[in-house]
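Worksheet: the structure to be examined is printed underneath.
The values are calculated or read from the model by the stated rules, or taken from the named source; none is laboratory data. Because the structure is a prediction, the values reported are computed rather than measured. Backbone-built Cβ (ideal geometry, glycine too); neighbour counts: all protein chains shown. What goes into the accessible areas is simple: the full protein's heavy atoms, side chains included, and nothing from ligands, DNA or RNA. Shrake-Rupley method; radii C 1.70, N 1.55, O 1.52, S 1.80 Å.
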Amino acid sequence: MGVPVRVVLVDDHEMILAGLQAMLAGFAGRVRVVGQAGTGEEATRLVTSLRPDVVLLDVRLGPESGLDLCRALTGRVPEARVVFLSVYDDEQYVFEALRAGAGGYLLKRVDGPELVRRLEEVAQGETVVDPTLAGRMAVTAARLTRGEFWPGANRGLTQRESEVLSLLVGGLSNKAIAARLVLSEETVKSHLRALYRKLEVADRSAAIAVALREGLFR
């Protein structure tokens, strides 16, 4: 029997952490949970200290972004592979996760044997994606290549984020964008933070510049 894969669990819900602990306890010879965290700060400290083989991470940690944490962890501890375990079965999340440096993306409905097998594969250097998403990703990738999606889809923007960016390019304020799309201003700000991250910019002026330079909107 080989050495068990050392795993750190990261989720902001204690029930999820407890469930994962219980699920993986039956596979102690193959997987060993060496730590768990509920925040990005705690996860960074644990992963830096324990240097696990795999970090099992949620896409969202309350107000924090699991994607941002993935980038930070892979930069700080490159040998630790990150696998996202999420309820979001949207291929756009998968593309963004892989761009952030993740080694895998699984859905929270995965059962114990499948989860253990996938963790072992990731620890061996493979990239894994939930089977229910893999086929859709291939179709999406092909359509992106043909330019069949909304502007910015090739950069990971969701359709709503693309709409927000379009109105941003049109010179609308956050309040005006919220009114146009029937959203709260806080939701608009959340979309802006997401699209800034995906476009790798710091503010609205830089986002507009990228959109115009890449011809996303005229």
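What to note about this one:
- Picking from residues in the range 128-175 that are at pLDDT 65 or above, assigned to a helix (DSSP H, G or I) and hydroxyl-bearing (Ser, Thr, Tyr), the one that is surrounded by the most Cβ atoms within 10 Å (Cβ to Cβ) is 162.
- For the range 49-100, taking the residues that are surrounded by 15 or more Cβ atoms within 10 Å (Cβ to Cβ) and hydroxyl-bearing (Ser, Thr, Tyr), the one that is nearest to the chain's Cα centre (by Cα) is identified as 93.
- Whether a residue is among the β-branched types (Val, Ile, Thr) and either open to solvent by less than 30 Å² (accessible area, probe 1.4 Å) or touching a residue at least 40 places away in the same chain (Cβ under 8 Å) (or both) was assessed, and residue 33 does not pass this test.
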